[in-house]
Amino acid sequence: MAAKDDYLLNDLVELGFLTKYHVDSATAEAASTGEGVVDTLVKKKTIRTQDVTTTKAAHFGVEMVSLSDIRIGDDVLSVVPRHIAKRYRVIPIYAHDRSVVVALSDPSDITTIDSLNHVLHKEVEVRVASEEEIDAMLTKLYGGGDDSVASMIQNITEGEVEIGTMTKDVGQDSGTVDADAPIIKLVNSIIVEAYRTRASDIHLEPLAKTFRVRYRIDGMMQEVKSPPKRLQPSVISRLKIQANMSIAEKRIPQDGRVQCNVGGKTIDLRVSCLPTVHGESIVMRILDKEGLRLGLAELGFFTDDQQTFERLICLPDGILLVTGPTGSGKTTTLYSCLNVINRPDRKIITVEDPVEYVLAGINQVQVSEAVGLTFSTALRAMLRQAPNVIMLGEIRDMETASIAINASLTGHLVFSTLHTNDAPGAVTRLIDIGVKPFLVASSTRAMMAQRLVRKICKKCTAPYVPTEKELQSLEFEPGQIEKANFRKGKGCPDCNNTGNRGRMGIFEIYVLNDESRRLVNEKAPSSALRRQAREMGMRSLREDGARKAAAGVTTLDEVIKATVADG
């Protein structure tokens with residue numbers, strides 16, 4: 001309260017909360033202290049703040065409400081985000097399509113009411129409640145009633161994470177959210193915790209009654225303690241602002257990017273927003289630019305496969321394809337190839353969508369469909385730059401495939417990826433796209449399929465006796481079983497009690513020879529190509545996984561889940 005409330009003195013007397021004597025006595029004291037008369041009366045406990053609130057409601061003809069008697073749902077709370085409720089000290093009571101009813105303690109505060117109209121984009125209707133009730137409800141409804149959220153916010157230390165957009169200006173962020181707002185701390189804590197647990201993705205999924213948060217760690221989804229459903233709009237809006245998305249548009253998918261500094265390390269977040277039945281779902285891919293390991297040994301190659309692969313990537317021309325489903329590590333493998341052959345006497349250009357990691361000494365081109373810079377147009381322009389090595393993020397259509405093959409036939413070494421289940425399947429995939437078989441046969445040097453399996457945690461690894469079913473699934477011979485070193489992780493704090501920490505690749509390398517090219521020219525089916533490759537000594541994904549399980553670096557169960565047996 002302040003001196004401006006002294007207009008209530010007559011009303012307080014008329015309603016019986018004060019006598020003339022009380023007013024005269026307080027007026028003299030207020031004159032000496034410089035305080036308002038009403039403030040002095042409250043300070044002396046002559047009247048209660050509740051009496052002042054009741055008088056204000058009567059003076060302005062506004063309904064007085066008891067917040068403890070009103071049940072406020074999450075749908076109502078979502079209309080007024082936490083930072084707005086705290087800043088303006090209001091409690092939403094009811095919400096309609098174009099209006100919202102809020103309770104505040106001072107109906108004469110026209111500035112607050114006008115500001116709410118502006119920031120909420122709704123017509124604001126006012127009710128009056130006591131300051132004590134509003135304080136209690138702000139704490140109950142917005143003050144981290146969920147202990148897990150409160151602990152996440154408290155665990156964030158000042159300056160531990162800095163988040164900024166990849167663009168210069170995000171106008172919506174200024175003026176409505178301050179740097180210490182708990183919603184910002186909550187978003188920061190989610191990102192920091194994901195990074196510390198080595199997560200590759202953060203999934204924020206709106207469900208019917210919950211707002212689920214999950215991390216993908218070593219390829220497996222793990223649910224973590226999630227914020228209350230009522231915080232869903234605030235968290236999503238915060239992330240959309242940071243990723244430079246439109247917070248007003250909630251009907252169409254959006255993509256964005258956020259750059260973070262976590263503990264002194266720079267990481268990028270690729271943010272995807274997808275409208276769902278219960279709200280917008282957000283997935284953030286974490287790209288640690290400084291944490292990328294570019295050695296072939298770190299990928300999981302055994303010595304024989306590594307020697308074969310190193311020979312292939314040092315060829316002067318031709319196409320080398322890496323195949324596998326999304327999330328199987330194809331891009332990391334290609335970056336490792338480029339790192340091995342990146343020398344001052346070679347010019348290397350890549351076309352990617354998006355550029356995930358920036359590599360020194362390599363020219364990287366970011367595809368931009370909005371301005372017409374597609375894979376095919378970028379590839380055409382690249383060929384005029386006289387490169388020795390070209391990397392395409394993915395062969396997606398006939399036009400891109402045709403240019404890539406022509407580039408390989410004119411003396412360029414081309415790396416790219418395809419989505420197929422096995423290595424020989426890449427041949428039939430190219431032919432299905434529309435590439436002529438003789439071009440595939442003459443240009444393609446090799447295809448490599450890969451999958452990722454979890455590695456056994458080194459701190460809790462222990463001997464393991466596999467079941468008969470596991471041994472039969474991977475077709476182990478008795479002699480192989482005797483020499484094998486089967487192991488499994490017991491689970492420890494270092495691996496979050498999963499028994500696994502980190503991932504490695506298992507590979508299937510198909511090198512084309514004259515017989516393979518003859519089959520390709522004859523449009524032989526994928527099964528025939530695979531049969532011929534196996535006769536020539538190609539090791540399947542399951543066989544490569546089995547020998548790595550026998551060496552004690554991964555488990556039989558991981559290999560069985562990641563691969564299929566040959567027919």
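Below, the figures for the structure above:
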quantity	calculated
Any chance Gly499 is on the phi > 0 side of the Ramachandran plot and touching a strand residue (DSSP E or B) at 6+ places or on another chain (Cβ under 6 Å)	yes
Yes/no for Leu12 being out of contact with any strand residue (DSSP E or B) (no Cβ under 7 Å at 6 or more places or on another chain), more than 21 Å from Ile91 (Cβ to Cβ), part of a helix (DSSP H, G or I) and modelled with pLDDT of 75 or more	yes
Enumerated strands (runs of 3 or more DSSP E) restricted to the stretch 64-148, each holding at least 1 residues that are hydroxyl-bearing (Ser, Thr, Tyr)	91-95, 99-104
Complete set of residues in the stretch 39-63 that are over 53 Å from the mean Cα position of the chain (by Cα), in a helix (DSSP H, G or I) and within 24 Å of Ala136 (Cβ to Cβ)	Leu41
Filtered residues of the stretch 343-363 (kept if open to solvent by 50 Å² or more (accessible area, probe 1.4 Å) and either polar (S, T, N, Q) or free of Cβ contacts under 8 Å to residues at least 40 places away in the same chain (or both))	Arg343, Pro344, Asp345, Ala360, Gly361, Asn363
Selection count, the stretch 234-270, where residues are in contact with a Gly (Cβ under 9 Å, 6 or more places away or on another chain), in contact (Cβ under 8 Å) with a residue 60 or more places away in the chain and assigned to a helix (DSSP H, G or I)	1
Residue match in the stretch 225-247 (condition: open to solvent by less than 30 Å² (accessible area, probe 1.4 Å), on the phi > 0 side of the Ramachandran plot and under 15 Å from the mean Cα position of the chain (by Cα))	no
Verdict on Asp432 being free of Cβ contacts under 8 Å to residues at least 24 places away in the same chain, on the phi < 0 side of the Ramachandran plot, acidic (Asp, Glu) and open to solvent by 20 Å² or more (accessible area, probe 1.4 Å)	yes
Count - residues of the stretch 31-60 that are farther than 21 Å from Leu104 by Cα and in contact with a Leu (Cβ under 9 Å, 6 or more places away or on another chain)	3
Members of the stretch 72-104 found to be at pLDDT 85 or above and of a type in the set (S, T, N, Q), listed by number	Ser99
Residue match in the stretch 294-315 (condition: surrounded by fewer than 17 Cβ atoms within 10 Å (Cβ to Cβ), within 18 Å of the chain's Cα centre (by Cα) and not small (Gly, Ala, Ser))	no
Answer residue from the stretch 364-398, given it is open to solvent by 40 Å² or more (accessible area, probe 1.4 Å) and in contact (Cβ under 8 Å) with a residue 24 or more places away in the chain and is nearest to Asp345 (Cα to Cα) among those	Asn388
Counted residues, the stretch 531-552 - those being surrounded by fewer than 20 Cβ atoms within 10 Å (Cβ to Cβ) and over 17 Å from Gly324 (Cα atoms)	9
Single unsatisfied condition, Arg82 versus (1) more than 31 Å from the chain's Cα centre (by Cα); (2) closer than 15 Å to Met137 by Cβ; (3) not acidic (Asp, Glu)	(1)
Residue count, the stretch 208-224 (criterion: part of a loop (DSSP other than H, G, I, E, B) and open to solvent by 60 Å² or more (accessible area, probe 1.4 Å))	3
Spans of strands (runs of 3 or more DSSP E) in the stretch 354-419 with at least 1 residues among the aromatic types (Phe, Trp, Tyr)	413-418
Any hit, the stretch 280-289, residues being among the hydrophobic types (A, V, I, L, M, F, W, C), open to solvent by less than 10 Å² (accessible area, probe 1.4 Å) and out of contact with any helix residue (DSSP H, G or I) (no Cβ under 6 Å at 6 or more places or on another chain)	yes
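The values are calculated or read from the model by the stated rules, or taken from the named source; none is laboratory data. Just so it is clear, the model here is predicted, and its values are computed rather than measured. Quick reminder, even Gly has a Cβ in these numbers, built from the backbone with ideal geometry, and neighbours come from all protein chains shown. For accessibility, only protein heavy atoms count, side chains too; no ligands or nucleic acids. Shrake-Rupley method; radii C 1.70, N 1.55, O 1.52, S 1.80 Å.
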